[in-house]
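Enquirer: Take a look at this one; I'll ask things after.
The values are calculated or read from the model by the stated rules, or taken from the named source; none is laboratory data. The structure presented is a predicted model; accordingly, all values stated were derived computationally and were not measured. Cβ atoms come from the backbone with ideal geometry, glycine included; neighbour counts cover every protein chain shown. Just so you know, the surface numbers come from the protein's heavy atoms only, side chains and all, with ligands and any DNA or RNA stripped out. Shrake-Rupley method; radii C 1.70, N 1.55, O 1.52, S 1.80 Å.
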Amino acid sequence: MNLPQKGLILVLKKECPTCTLIEPVYRQIRDSKMLLTVISQDNPEFPEGMDVVDDTGLEKSFHLDIEVVPTLISVSGGREQSRTSGWVKEEWIELTGIADLGQSLPDLRPGCGSITVEPGMPEKLRIKYGGVELSSRRLKITALEDEIEACYDRGWSDGLPLVPPTPERVLRMLDGTQRSPSEIIGVIPPVLAECTVEKAAINAVMAGCKPEYLPVVLAAVEAACLDEFCMHGLLATTWFSGPVVIVNGPISRAIGMNSGGNALGQGNRANATIGRALQLIIRNVGGGKPGGVDRATLGNPGKYTFCFSEKEDNPKWQTLAQEKGFEKDSSTVSLFAGDGVQGFVDQLSRTPDSLARSLSKSLLAVANHKFVMAADALVVLSPEHFKIFDRAGWDKARIKAELYSLLDRPGQEVVRGADDILEGIPEDFASVDRLPKFRPDGLILVHAGGDAGMFSAIIGGWIASGPKGSQLVTKEIVL
Amino acid sequence: MNEIITLLDPTAELAPARIELRPRLKTLKGANIGLLDISKARGDVLLKRLESQLMEKGAIVKFYKKPTFARTAPVELNQQIATECDAVIEALAD
């Protein structure tokens, strides 16, 4: 707002006891012939007998950035010089230069909260007066229409209720990032629509994210748009897979993600909503819907959401982010094209060799025990299983190397017809002695889970892996 | 109860793209027909059958193949088909 060249601005509300207590002071200032502008947030009839600017619309209070009433601002040369909030007699005397101001009043009374900072109000005012430009189409629904049903009716939902994306909620979500709402973060398949930070934020609201999750969602979208991840094919395939989101680094702890007990399960808001937001963006911005371009025969429940963070409390464990060349203090999102969870139990192995042999046998089941170099696999190694490897001095590289050597298959066992099973790889491979079950970087190990339980998880990947399909991708999170 | 609730559109706000079909070929005789194998198992079986039927009707048949069914066809391949053929048949099989 345009400030007067010189004088005082007073912002108050009648509802505030301090504002009414110090009413005599206002007249004293006015009578001192100082130029005083009184602005009321709730009732311009108060203070009685004075010229009061009606600011029940709160535009002036918003532009003056008022947090507490009363606030007295001194202006000179059209600029604010200083301000005081509440009633601090000493400061009011200094600002007005009136030595006997409010003589009979107590020295100190705290003020009340400005109406501009009441819950939900800052966002409303920023939309109204703050010059915020949200460019998305605005849909008006009446209060008679249930807003959650309205979201269903428009086809935005994955089947579960959505948080209605009001401009206020979206604005609050956008506070979670320093990036501009209009920035394009990727081109989303299948319709190849540009996704702005704003569109991602709208979908993050619907998914139930908190604003501080938004940078993770944005990085996940960027990762999904990398060519190596092949999101278009992953969406279109009849296979089970969808994006599995793995978060590393300090942000995972800052936003309270779960890497411990039930890390792959329900109950943690960040885990649940970040994965869901990515899926909703593919659905709503990219237009990828089941029955449309998503042709999955069965799908998997992880296509609602599949997101967790890696356990990083054991310095001997090389995290996924470190493995991909990132520093331990950087935060990253990795995406793996994965199916559901296949449980792996081994409660009796006490040596790394026994455990590795045991795990390798279970890994053969990924996609089909006869398939080689087809689906990748993500193994989520639990603390109790890792302990067995760790005690014997096996680090991640050693575990992987041992598993690879155990996972070679003789061609004659896996070709079509072998074992009276028609499925298999082409007969030409029958003479090959050793065929690796997984591509060289197709077996991925991460660490998560509760402290008790000699169980780990095998998450099989999309059978179209590597350059002909999808590869694990990692993207650094930008705040 | 006449309060209006505003929701922001979470979609890409694309009007449904309307793609006009190319005019139907008046005759197959002498027409260049592309057969695109998307690299799915046994797609070639279907295409071979189509080839013989098309040739009986006097068409000139050309074969094309996508490197992988998991990805969309490379732009170069689309351009090659578009410049060499009057129509294309894409086979999906398993």
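Enquirer: Do we have any residue at all in the range A:292-311 that's within 18 Å of A:Ala457 (Cα to Cα), at pLDDT 95 or above, touching a His at 6+ places or on another chain (Cβ under 7 Å) and of a type outside the set (Val, Ile, Thr)? Working first, answer last.
Expert: Let us first name the residues in the range A:292-311 that are within 18 Å of A:Ala457 (Cα to Cα), namely A:300-303, A:305-311.
This time we only want the ones that are at pLDDT 95 or above, so: A:300-303, A:305-311.
Those left that are additionally touching a His at 6+ places or on another chain (Cβ under 7 Å): A:310-311.
From what is left, the residues that are of a type outside the set (Val, Ile, Thr) are A:310-311.
For the range A:292-311, residues within 18 Å of A:Ala457 (Cα to Cα), at pLDDT 95 or above, touching a His at 6+ places or on another chain (Cβ under 7 Å) and of a type outside the set (Val, Ile, Thr): present.
Enquirer: Would you tally the residues in the range B:20-41 being open to solvent by 100 Å² or more (accessible area, probe 1.4 Å) and more than 18 Å from the chain's Cα centre (by Cα)?
Expert: Matching residues across the range B:20-41 total 2.
Enquirer: Sticking with this one: Cβ-Cβ under 9 Å, sequence separation 6+ or interchain: first residue in the range A:319-334 and β-branched (Val, Ile, Thr), partner open to solvent by 60 Å² or more (accessible area, probe 1.4 Å). Which pairs?
Expert: Going by the 9 Å Cβ cut-off, the qualifying pairs are A:Thr319/A:Lys328; A:Thr332/A:Lys324; A:Thr332/A:Lys475; A:Thr332/A:Glu476; A:Val333/A:Lys475; A:Val333/A:Glu476.
Enquirer: Being at pLDDT 95 or above, open to solvent by 10 Å² or more (accessible area, probe 1.4 Å) and among the charged types (D, E, K, R): is that true of A:Lys324 here? Reasoning before the result, please.
Expert: Numbers: at pLDDT 95 or above: yes; open to solvent by 10 Å² or more (accessible area, probe 1.4 Å): yes; among the charged types (D, E, K, R): yes.
Yes: the conditions hold for A:Lys324.
Enquirer: Okay, next question. Tell me which strands (runs of 3 or more DSSP E) are completely within chain B and hold 2 or more residues being of a type in the set (A, V, I, L, M, F, W, C) and within 14 Å of chain A (Cβ to nearest Cβ), or say none if there are none. If you could, list the steps in order and put the result at the bottom.
Expert: Working: elements: B:4-8, B:32-37, B:60-65, B:87-91.
The strands (runs of 3 or more DSSP E) meeting that bar are B:4-8.
Enquirer: Oh, and also: Could we say that A:Arg357 is surrounded by fewer than 19 Cβ atoms within 10 Å (Cβ to Cβ), farther than 30 Å from A:Arg434 by Cα and modelled with pLDDT of 95 or more here? Before you say what the answer is, go through the steps one by one.
Expert: Details: surrounded by fewer than 19 Cβ atoms within 10 Å (Cβ to Cβ): yes; farther than 30 Å from A:Arg434 by Cα: no; modelled with pLDDT of 95 or more: yes.
Criteria not met by A:Arg357.
Enquirer: Quick one: A:Cys209 ticks every box in (1) more than 9 Å from every other protein chain (Cβ to nearest Cβ); (2) outside any helix (DSSP H, G or I); (3) open to solvent by 30 Å² or more (accessible area, probe 1.4 Å); (4) in contact (Cβ under 8 Å) with a residue 40 or more places away in the chain except a single one, so which number is it?
Expert: All conditions pass for A:Cys209, except number (3).
Enquirer: Something else now. Conditions first: (1) closer than 26 Å to A:Ile444 by Cβ; (2) open to solvent by less than 20 Å² (accessible area, probe 1.4 Å); (3) not in a helix (DSSP H, G or I). A:Val217 passes all but one, so which condition is the exception?
Expert: A:Val217 satisfies every listed condition except (3).
Enquirer: One residue is enough: does the range A:153-171 have a residue meeting the conditions open to solvent by 60 Å² or more (accessible area, probe 1.4 Å) and part of a helix (DSSP H, G or I)? Walk me through how you get there before you give the answer.
Expert: In the first step, residues of the range A:153-171 are kept if they are open to solvent by 60 Å² or more (accessible area, probe 1.4 Å); the result is A:153-154, A:160-161, A:169.
Imposing the further condition that a residue be part of a helix (DSSP H, G or I) reduces the set to A:153, A:169.
Yes, because at least one residue in the range A:153-171 is open to solvent by 60 Å² or more (accessible area, probe 1.4 Å) and part of a helix (DSSP H, G or I).
Enquirer: Among the residues of the range B:47-76, write down those that are within 30 Å of A:Ser470 (Cβ to Cβ) and open to solvent by less than 70 Å² (accessible area, probe 1.4 Å).
Expert: Residues of the range B:47-76 that are within 30 Å of A:Ser470 (Cβ to Cβ), as a first pass: B:47, B:63-76.
Result: B:Leu47, B:Tyr64, B:Lys66, B:Thr68, B:Ala70, B:Arg71, B:Ala73, B:Pro74.
Enquirer: For the subset of the range A:36-70 comprising residues that are open to solvent by 10 Å² or more (accessible area, probe 1.4 Å) and among the hydroxyl-bearing types (Ser, Thr, Tyr), which member is nearest to A:Gly113 (Cα to Cα)?
Expert: Looking at the filtered set, the residue picked out is A:Thr56.
Enquirer: Let me ask something additional. Applying the selection to the range A:105-150, what residues are within 12 Å of chain B (Cβ to nearest Cβ), surrounded by 14 or more Cβ atoms within 10 Å (Cβ to Cβ), of a type in the set (Gly, Ala, Ser) and in contact (Cβ under 8 Å) with a residue 24 or more places away in the chain?
Expert: Result: A:Ser136, single match.
Enquirer: Also, I was wondering about something else. Could you grab me the full set of residues in the range A:368-404 that are more than 16 Å from A:Arg357 (Cβ to Cβ), open to solvent by 20 Å² or more (accessible area, probe 1.4 Å), assigned to a helix (DSSP H, G or I) and not acidic (Asp, Glu)?
Expert: Listed by number, the residues that qualify are A:Lys387, A:Arg391, A:Ala397.
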